[in-house]
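FYI, it's all coordinate maths here, none of it is from the lab. Since the model is a prediction, treat every value here as computed from it, not as a measurement. Positions of Cβ are backbone-derived with ideal geometry, glycine not excepted, and every protein chain shown enters the neighbour counts.
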Amino acid sequence: MSPTPKRPLRSQEWFGSADKNGFMYRSWMKNQGIPDHEFQGKPIIGICNTWSELTPCNAHFRKIAEHVRRGVFEAGGFPVEFPVFSNGESNLRPTAMFTRNLASIDVEESIRGNPIDAVVLLAGCDKTTPALLMGAASCDIPAIVVSGGPMLNGKHQGKDIGSGTVVWQLHEAVKAGHISMHEFMSAEAGMSRSAGTCNTMGTASTMACMAEALGTSLPHNAAIPAVDARRYVLAHMSGMRIVEMALEDLRLSKILTREAFENAIRVNAAIGGSTNAVIHLKAIAGRLGIPLELEDWTSIGRGTPTIVDLMPSGRFLMEDLYYAGGLPAVLRRMGEADLLRHPGALTVNGKSLWENVREAPIYNDEVIRPLAKPLIEDGAICILRGNLAPRGAVLKPSAASPHLMQHRGQAVVFEDFDHYKSRINDPDLEVDANSVLLMKNCGPKGYPGMAEVGNMGLPPKLLAQGVTDMVRISDARMSGTAYGTVVLHVAPEAAAGGPLAIVRDGDWIELDCAGGRLHLEIDEAEMAARFENLQARKPPERTGGYRELYIDHVLQADQGCDFDFLLGCRGAEVPRHSH
Ligand code: FES
Ligand code: MG
């Protein structure tokens, strides 16, 4: 007999009654060989699995689920594993972001409609973490995140290479004529040589760190490599802990507070995290009605140095971060410098963030740098506004070139991604190192899906001259593994009537990161006239299906790109009987 839960287990609404309904709910479950006593008031723990062979980063999740299951049994719960839509960053077209909200709906309705008292969220590849947290938050039941963990360090020609980051680097080297296509291709197998997510501080690692910083996972969840046995111990312990959480009724809303998000914003700066976190944290917060504004990223994040020296901003990889002490070591260093905004924030193990990390050992000052020797003095995501981005834009300073963060240059305009591809290799393209590459129609509605195309590759002729970075501006996102002085998430996007739409070749643009300003140097009258004369671009094709739902309902980047009708928490009240 399990200890008395703090509030009645919702699963008992299915399995607890001696009548026709109880008969049906239990009987069909019994076809899996489940004995009577498993239905006797035990917490039923959902294991929400984003396993898929098409999401290679999550392809080892059945093994992780098995270890969660063992922990649930050990603690006296009953595990039920269920699949949800799996957002694989590498394969899914037009972009995994297009289906993040779809997956969140799947998660939410799977939880609410089923006899589940608490849930373990198996997340890995970029969008799977926010999708799972968004869906679970809208139900607000006890939940714990178990991440799949990063791949081992990539190895190529005797060097460590990082997921994604090396692709951008080598591709530029090919275009500049420094290496052959054969050499480029030979890095493929060495980059991805074990199970797990990208080993750089890309979006997957960033979101795993966010999950840990928010308090939604056990300590060390973010960095233990996917193939390290300790990852499976963590899965087991998470399985044990979620049973207690079900009994304690420790729901997500008690963990995911405004304080938790403020902590996460600081941690993102300290780790040199992905710009995608700005969108995903907003979307998760939106499911619980927690206010989170773009300006919070500067007002709260500003002054937090980047101390984690990982690619793409720095030198090392996630495996190194774990051996250096993992995220707990980073949090300890931040806490000792008074940089943890809310050390008392509650985490899933029932302890505060600070209690969990205050004695965390730090083994390597190169990987987790002392505050006095940061990688970047101020790692806060830069939020930009101005007549070119009335509702904001973002830039990641740790991935940018300091000399370009204050810049004035003339625009080279691409109407969309296809236009960019058709123009960028043209030797006659009028462009120099001071130009600003500006791309339109790659935002949430315009692409659709806001693909990671914002880190436009540079013109080959400039690469050949040794140019390594230029200011780039778009309404797109970029991969967390990418780098450069790249202004992203311009809102409103061109396809939603944003001012990007009226920029022309040769216009002067000013970027001022310190001042938070992105300015198109034309006067208001000229701007109004251009809007007036703007030839309506053919709207995205109405093809029906999910794509149409997406275009009609997706919110802009500053609002987290959730669907308008998904905002808020709808709770986990047990729905009516099915028969
Ligand atoms: Fe899946 Fe990077 S592509 S984590
Ligand atoms: Mg990515």
Two-decimal ratio, the range 256-398, of alpha-carbon radius of gyration to 2.2 N^0.38 Å: 1.04
Using θ = phi - 60° and Karplus 6.51 cos²θ - 1.76 cosθ + 1.60, couplings along the range 501-510 (whole Hz; Gly, Pro as x): 4, 9, 6, 10, 3, x, 4, 8, 10, 10
Inter-centroid distance (Cα atoms) of the range 504-579 relative to the range 64-131, Å: 28
The chain: calculated mean residue ellipticity at 222 nm from DSSP helix runs of at least 4, using -39500 (n - 2.57): -9500 deg cm²/dmol
Sites Asn364 and Lys421, calculated FRET efficiency, Cβ-Cβ separation with R0 35 Å, nearest 0.05: 0.25
Antiparallel DSSP beta bridges within the range 382-533, percent to nearest 5: 55
Lysine pairs in the range 389-481 with Cα atoms under 22 Å, if 8 or more residues apart or on separate chains: 4
Within straight-line cross-link reach of Lys6, aspartates and glutamates at Cα separation under 18 Å, skipping those fewer than 8 residues along the same chain: Asp117, Asp140, Glu244, Glu248, Asp249, Glu573
Percentage of interatomic Cα-Cα distances in the range 204-339 larger than 20 Å: 47
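So, with +1 on the Cβ of K and R and -1 on the Cβ of D and E, and no other charges, what is the size of the charge dipole of the range 115-260 about its Cα centre, to the nearest 20 debye?
Details: 11 positive and 13 negative charges, 51 e Å.
Computed about the Cα centre, the dipole is about 240 debye.
Scan the range 383-487 for GluC sites (Glu not before Pro) in coil per DSSP, keeping those whose Cβ has at most 13 other Cβ atoms within 10 Å, and list them by number.
Details: sites: Glu415, Glu430, Glu452; in loops: Glu415, Glu430, Glu452.
For GluC sites (Glu not before Pro) across the range 383-487 that sit outside H, G, I, E and B with at most 13 neighbouring Cβ atoms in 10 Å, the list reads Glu430.
How would you order 169-179, 485-495, 126-136 from highest to lowest mean count of nearby Cβ atoms within 10 Å? Intermediate values should be presented prior to the final figure.
Working: 169-179: 16.0, 485-495: 26.5, 126-136: 31.5.
Final packing ranking: 126-136, 485-495, 169-179.
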Nearest-ten-degree value, helix 165-175 long axis tilted from longest Cα axis of the chain: 30
Segments 496-509, 315-328 sorted - mean Cβ within 10 Å per residue, highest first: 315-328, 496-509
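Rounded to the nearest 20 Debye, what is the dipole magnitude of the chain about its Cα centre when Lys and Arg each give +1 and Asp and Glu each give -1 at the C-beta? Can you show the working numbers first?
Details: 57 positive and 67 negative charges, 287 e Å.
Roughly 1380 debye for the chain.
Taking all pairs of different Cα atoms in the range 1-66, averaging 1/r and flipping that mean, what Kirkwood radius in angstroms comes out? Can you show the working numbers first?
Details: mean 1/r = 0.0707 Å⁻¹.
Here the Kirkwood hydrodynamic radius works out to 14.1 Å.
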Diffusion coefficient, µm² s⁻¹, Stokes-Einstein with Kirkwood Rh over alpha-carbon pairs of the chain at 25 °C and 0.890 mPa s: 101
Between helix 61-74 and the chain: long-axis angle, C-alpha atoms, 0 to 90°, nearest 10: 30
Beta bridge orientation in the chain: antiparallel %, DSSP, nearest 5: 40
Helix 258-271 axis, angle to the chain major axis (alpha carbon atoms, nearest 10°): 50
Spatially proximal lysines relative to Lys30 (Cα-Cα < 25 Å; intrachain offsets below 8 disregarded): Lys20, Lys42, Lys63
Cα convex hull of the range 382-533 - mean projected area over all directions, nm²: 8.3
Cβ crowding within 10 Å averaged over residues, with 245-252, 567-574, 7-14 ranked highest first: 245-252, 7-14, 567-574
Relative exposure of Ser398, Ser27, judged by other C-beta atoms within 10 Å (fewest first): Ser27, Ser398
Contact order relative to length of the range 382-533, as percent, for alpha carbon pairs under 8 angstrom and 6 or more apart: 33
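Nearest 20 debye, what's the magnitude of the dipole of the range 32-186 about its Cα centre given +1 on Lys and Arg Cβ and -1 on Asp and Glu Cβ?
Values: 12 positive and 16 negative charges, 82 e Å.
With Lys and Arg at +1 and Asp and Glu at -1, about 400 debye.
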Two-site label geometry, Met185 and Ile34: point separation in nm, points 7 Å out along Cα→Cβ: 5.0
